[in-house]
Amino acid sequence: MNNTHLHLVVNHLPIIFPIVGIVLLIIGFFAKSEVSKRNAYIIFILGALASIAAMATGEGAEEGVEHLPGVAESLIKTHEEAAELFAGFSYFVGGLSALALFASLKDYTFSKIMPVLVGVFSLASLFFAQKAGTTGGEIRHTEIRSDASTPTSTENLRVDHDD
């Protein structure tokens, strides 16, 4: 497995974990289940760790694709900036979740507000997750780029002449 492949394997995890965590957190909030909330916090912590892995493999992935046809340096740069911003949010949510988990286990008074704080910041992180994911996809998937043109039926035909 090369660096690009490894990045493609791990880069979806920091996006998936917060989605699962939010669902668990909502269940825990409305069911008043500390177990569900604690599991959500653990999922957010795993999401932050997955962000570390995605960021660590990003540079190697860049080196693997930057010279391929159709790959623009500007697309890579845009993705890198979006990924750094998302990673920062992910690390923050992971740290906040670690604090929330600790507060919940120790039954501290402020643990009651933690699901709301973690929920708000994790929802905000999904905005940045979408940006990082979309800009990453645009590097190789020309069909999702905002400047992608719809090919006509004859645009991709190659005609060889024997004249």
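The values are calculated or read from the model by the stated rules, or taken from the named source; none is laboratory data. What you see is a predicted model, and the numbers here were worked out from it, not measured in a lab. Cβ: placed from backbone, ideal geometry, glycine included. Neighbour counts: every protein chain shown.
Here are a few things to note about the model shown:
Residue-wise test of (1) of a type outside the set (G, A, S); (2) modelled with pLDDT of 90 or more; (3) in contact with a strand residue (DSSP E or B) (Cβ under 9 Å, 6 or more places away or on another chain); (4) farther than 19 Å from A48 by Cα.
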| position | (1), (2), (3), (4) |
| --- | --- |
| K77 | yes, yes, no, yes |
| E81 | yes, yes, no, no |
| Y91 | yes, yes, no, no |
| S104 | no, yes, no, yes |
| Y108 | yes, yes, no, yes |
| G137 | no, no, no, yes |
| D147 | yes, no, no, yes |
| S153 | no, no, no, yes |
| L157 | yes, no, no, yes |
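- From L75, L99, L126, L85, residue being over 17 Å from L8 (Cα atoms), assigned to a helix (DSSP H, G or I), among the hydrophobic types (A, V, I, L, M, F, W, C) and over 12 Å from the mean Cα position of the chain (by Cα): L99
- Residue that is nearest to A124 (Cα to Cα) [pool: residues in region 24-48 that are out of contact with any helix residue (DSSP H, G or I) (no Cβ under 8 Å at 6 or more places or on another chain) and assigned to a helix (DSSP H, G or I)]: F30
- Any hit, region 82-105, residues being surrounded by fewer than 17 Cβ atoms within 10 Å (Cβ to Cβ) and within 18 Å of E138 (Cβ to Cβ): yes
- Total residues in region 102-112, condition without any contact (Cβ under 8 Å) to a residue 60 or more places away in the chain and in a helix (DSSP H, G or I): 7
- Region 1-39: number of residues that are surrounded by 15 or more Cβ atoms within 10 Å (Cβ to Cβ), of a type in the set (A, V, I, L, M) and under 16 Å from F89 (Cα atoms): 3
- Filtered by the rule that a residue be of a type in the set (A, V, I, L, M, F, W, C), in contact (Cβ under 8 Å) with a residue 12 or more places away in the chain and in a helix (DSSP H, G or I), region 53-72 gives A53, A54, M55, A61, V65.
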